[in-house]
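Peer 1: My questions all concern the structure below.
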Amino acid sequence: MPTFTRDTHIFRDEDMLRDDYQPESIMARESELSAYKTALQPVINGAQPRNVFLYGKTGVGKTAVSRYLLEQLQQDSAQYDDVSLSVFWLNCTNLSSSYQVAVNLVNTLRPAEDQISTTGYPQQRVFDLLYEELDAVGGTVLIVLDEIDHIGTDDEILYEIPRARSNGYLTATKPGVIGISNDFGFRDNLSPKVKDTLCEEEIHFSPYNAPELEAILDRRAEGALFDDATESGVLALCAAMAAQDTGSARQALDLLYQAGELARAASHDKITKDDVHEARNKLERSQIEHGMRELTRHGHLSLLAVLQLALESGGPFRVRDIYPQYCTISEQSDIDPLVRRRMHDHLADLAMLGILDRRSRNEGRSGGQYYEYEFAVGLDLVANVVSDFEGLTLPRRVVELIQSME
Ligand SMILES: Nc1ncnc2c1ncn2[C@@H]1O[C@H](COP(=O)(O)OP(=O)(O)OP(=O)(O)O)[C@@H](O)[C@H]1O
């Protein structure tokens, strides 16, 4: 008997449940597809492309829809001799300035043996090199900048590329920029001239509801799983859990994939609802562990402050409640507490990592805006992870509260 044999139950093609799998069809995004298609129509007419800005929370299909539609556009434009379309993708994670984006674009456009150094040029020189490369491509060039918000406020390039032709830097190429972001604040903070240029067409992707997620899962499961690989209601449960939490298709697919792995590991021939519940716990646990590893010491102390408050009295909590608790815990650990605003940054990080939920509230008619925080994941899971987390000493009160939960 060999040690490894091919799966004959559960997964027919598990790669189809992975995040980088590009679906052949897009479900539940008719109005977004239609708006996107309208925005791209000038390309097929050989006209100057419009700039498009897509925004929406993580996992709601911005990248999948873009890949799908741009692929179609490339195929359909091939039949027109007077349209020559090139599409370039750049993921802007870790690129925090226009300069860095420009250098990376130059290198995307150049062959591997002719790359430029990422430092040392004056900004205008890099822009000139970029225009040279863009003009050498010719025709219509669409540049997709994914995770564009990483560029922050140094956003000159988002104005420069779309305007390069009208400003006389390009003659052979018609450029268009497609920006993708899941940071709502980024769009609001763009300088007015960039906003006018980049956000010529804006398409908002809202979170999916449960029936939409179920349709996405259904289609994906057709290829990814063997027939009858799920107990009845399993896809609906994954969809409902993800809809209630984030509305993200990624989360729904991850739940199904993880549940399938649990069923496979137990040599079951069907994924059950219990597998889905266990999968959720496992995913949440690894999300918290991952978050904890990302955090600095003060991030951990801020987390412990919210944990203590939550174990004592539920929540949600305002920063004015959390801060004194954080100061007490810091002092007990012989660490100088940060000022309130800096500690608040750590709470915002915890929210970004999906460990806390953050809601903005208004204080009556005359009052200002404030934030409330509570755990986005199960308290028992957080307690469990922090108890096992290496190098973290829990305050005595937190230990007592955790013990009293058991
Ligand atoms: N409407 C859809 N139809 C089919 N699959 C989808 C749909 N929306 C999302 N997906 C799938 O869900 C996963 C996440 O989607 P995608 O990467 O497009 O999200 P995103 O909005 O770009 O997220 P992020 O902002 O984190 O990059 C991918 O595997 C994608 O194929």
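Read-outs: derived from the displayed coordinates by stated rules, not from any lab. Here the structure is a predicted model, which means the values were calculated and not measured. Reconstructed Cβ throughout: ideal geometry from the backbone, glycine too, with neighbour counts over all protein chains shown.
Peer 1: Would you work out if the stretch 30-205 is rounded, prolate or oblate? Take a ≥ b ≥ c from the square roots of the eigenvalues of the alpha-carbon gyration tensor; rounded if a/c is under 1.5, else prolate when a/b is larger than b/c, oblate otherwise.
Peer 2: Working: a/c = 1.59, a/b = 1.10, b/c = 1.44.
In terms of gyration-tensor shape, oblate.
Peer 1: Rounded to the nearest whole Å³, what is the per residue volume of the convex hull around the Cα atoms of the stretch 204-286?
Peer 2: Details: hull volume 7.1 nm³, N = 83.
In the stretch 204-286, the Cα hull volume divided by residue count equals 86 Å³.
Peer 1: If you add up the charges near residue 191, with Lys and Arg at +1 and Asp and Glu at -1, over every other residue whose beta carbon is less than 10 angstrom from its beta carbon, what do you get? Walk me through the numbers before you get to the answer.
Peer 2: Numbers: positive: 193, 195; negative: 155, 156, 196.
With Lys, Arg at +1 and Asp, Glu at -1, the neighbours total -1.
Peer 1: Next question, about the same structure. What is the helix-to-structure angle for 319-332, meaning the angle in degrees between its Cα long axis and the longest Cα principal axis of the chain, kept from 0 to 90 and rounded to the nearest 10?
Peer 2: So the inclination is approximately 60 degrees.
Peer 1: I'd like to know which of 308, 295, 339 lies farthest towards the positive end of the charge dipole of the stretch 295-405, counting +1 on Cβ of Lys and Arg and -1 on Cβ of Asp and Glu.
Peer 2: Checked the options; the winner is 339.
Peer 1: If neighbour count is taken as other Cβ atoms inside 10 Å, put 381, 303 in order from fewest to most.
Peer 2: On the way: 381 19, 303 29.
The fewest-first ordering by Cβ neighbours comes to 381, 303.
Peer 1: Roughly how compact is the stretch 295-405, stated as its Cα Rg over 2.2 N^0.38 Å to two decimals? Don't skip to the end; give the middle numbers.
Peer 2: On the way: Rg = 13.7 Å, N = 111, 2.2 N^0.38 = 13.2 Å.
Against the compact-globule rule of thumb, the ratio is 1.04.
Peer 1: Nearest 10 degrees is fine. How inclined is helix 210-224 to the longest principal axis of the chain, computing both from alpha carbons?
Peer 2: The angle comes out at about 80 degrees.
Peer 1: Let me see the P(r) profile for the chain: every Cα-Cα distance counted, bins of 20 Å, each bin given as a percent of all pairs.
Peer 2: Going out from 0 Å in 20 Å bins, the chain shows 22, 47, 29, 2 percent.
Peer 1: Within 10 Å of each residue's Cβ, count the other Cβ atoms and sort 327, 238 from fewest upward. Don't skip to the end; give the middle numbers.
Peer 2: Values: 327 17, 238 30.
Fewest-to-most ranking of 327, 238: 327, 238.
Peer 1: State to the nearest 20 debye the size of the charge dipole of the chain about its Cα centre, where the only charges are +1 on K and R beta carbons and -1 on D and E beta carbons.
Peer 2: Numbers: 39 positive and 65 negative charges, 214 e Å.
It works out to roughly 1020 debye.
Peer 1: Now, a different point. Which Cα, out of 323, 74, 108, lies furthest along the positive dipole direction of the chain (beta carbon charges, K/R +1, D/E -1)?
Peer 2: Result: 323.
Peer 1: So how strong a dipole does the stretch 295-405 carry about its Cα centre when Lys and Arg Cβ are +1 and Asp and Glu Cβ are -1, to the nearest 20 debye?
Peer 2: Values: 12 positive and 15 negative charges, 104 e Å.
It works out to roughly 500 debye.
Peer 1: If each DSSP helix of 4+ residues adds -39,500 (n - 2.57) and the sum is divided by the residues in the chain, what number results at 222 nm, nearest 500 deg cm²/dmol?
Peer 2: On the way: 16 runs with 208 residues, N = 406.
Dividing the helical sum by the residues of the chain leaves -16000 deg cm²/dmol.
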